[in-house]
Amino acid sequence: MVKRKIILLSIGVFLLLLSSLYVYLGGFIAIELRQTECSDLNLVGLNYIGIPQDEKIGEYFREVETARKDKPLQTIYYIEPEGKRDTLHVFIGYESDRINEGLSTPWVTRSVECQSAIVAKLEMNRFVMPGPDKTKRAIQDFAKEKGLTLKGIYIDKIISSDHVEVWAPVGS
């Protein structure tokens, strides 16, 4: 009987500590949504098509990290994989003042028209940050509530490991 009480008490303390850690990391912070005006984005970066486990995607991220200097990393996922062996298509880049920088292969440019966008602001530890599906659903629900039409592109602007903004341009 005493052993059972100790086990239950230990489980309770563990769950309390786990819940406290989740709160501390920002697990209950809601996705902050807003509509904002924006200007066209001129991005420079690398286009990756392959599986998420391929070393090349890591190389591409490191290359862009080096080239971007102090500008935020920006990603556009065209195809998100269901599993580890599924195909991934992602653009990894940064916003450039000059769109034609004399780029060498495999560097490419991407222009995204943007006059208005819905921005989802995520400021919490990356371990408790909501996944892309939850964030997209929140953006889509916000657009529907406001009577806005999304263009169907989502740009992840990675400001820091604990601060990401997802920009979804709105069509006319």
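Can you tell me which residues in segment 1-59 are part of a strand (DSSP E or B) and either farther than 30 Å from Glu145 by Cβ or among the polar types (S, T, N, Q) (or both)?
Just the residues of segment 1-59 that are part of a strand (DSSP E or B), to begin with: 32-37, 41-50.
Passing the criteria: Gln35, Thr36, Asn42, Val44, Gly45, Leu46, Asn47, Tyr48, Ile49, Gly50.
Would you point out which residue out of Glu65, Glu82 is on the phi < 0 side of the Ramachandran plot and surrounded by 12 or more Cβ atoms within 10 Å (Cβ to Cβ)? Working first, answer last.
Details: Glu82 fails: surrounded by 12 or more Cβ atoms within 10 Å (Cβ to Cβ).
Going through Glu65, Glu82 in turn, the sole match is Glu65.
Just wondering, is there one or more residues in segment 148-157 that are surrounded by 17 or more Cβ atoms within 10 Å (Cβ to Cβ) and closer than 28 Å to Leu21 by Cβ?
yes
All but one of (1) over 20 Å from Ile153 (Cβ atoms); (2) of a type in the set (D, E, K, R); (3) not in a loop (DSSP other than H, G, I, E, B) hold for Asp70; which doesn't?
(3)
So, in segment 1-38, of the ones that are out of contact with any helix residue (DSSP H, G or I) (no Cβ under 8 Å at 6 or more places or on another chain) and at pLDDT 90 or above, which residue ends up surrounded by the most Cβ atoms within 10 Å (Cβ to Cβ)?
At the first step, the residues of segment 1-38 found to be out of contact with any helix residue (DSSP H, G or I) (no Cβ under 8 Å at 6 or more places or on another chain) are 1-27, 29-30, 32, 34, 36-38.
Those left that are additionally at pLDDT 90 or above: 32, 34, 36-38.
Numbers: Glu32: 12, Arg34: 10, Thr36: 11, Glu37: 8, Cys38: 16.
If we take residues in segment 1-38 being out of contact with any helix residue (DSSP H, G or I) (no Cβ under 8 Å at 6 or more places or on another chain) and at pLDDT 90 or above, then Cys38 is surrounded by the most Cβ atoms within 10 Å (Cβ to Cβ).
Exactly one condition in (1) of a type outside the set (Gly, Ala, Ser); (2) under 22 Å from Lys71 (Cβ atoms); (3) touching a Pro at 6+ places or on another chain (Cβ under 9 Å) is false for Met129; which is it?
Status for Met129: all satisfied but (3).
Within the bounds of segment 102-110, is there any residue that is in contact with a strand residue (DSSP E or B) (Cβ under 6 Å, 6 or more places away or on another chain), outside any loop (DSSP other than H, G, I, E, B), farther than 25 Å from Ala67 by Cα and among the hydroxyl-bearing types (Ser, Thr, Tyr)?
No, every residue in segment 102-110 fails to be in contact with a strand residue (DSSP E or B) (Cβ under 6 Å, 6 or more places away or on another chain), outside any loop (DSSP other than H, G, I, E, B), farther than 25 Å from Ala67 by Cα and among the hydroxyl-bearing types (Ser, Thr, Tyr).
The values are calculated or read from the model by the stated rules, or taken from the named source; none is laboratory data. What you see is a predicted model, and the numbers here were worked out from it, not measured in a lab. Ideal geometry is used to build each Cβ from the backbone, glycine not excepted, and the neighbour counts take in all protein chains shown.
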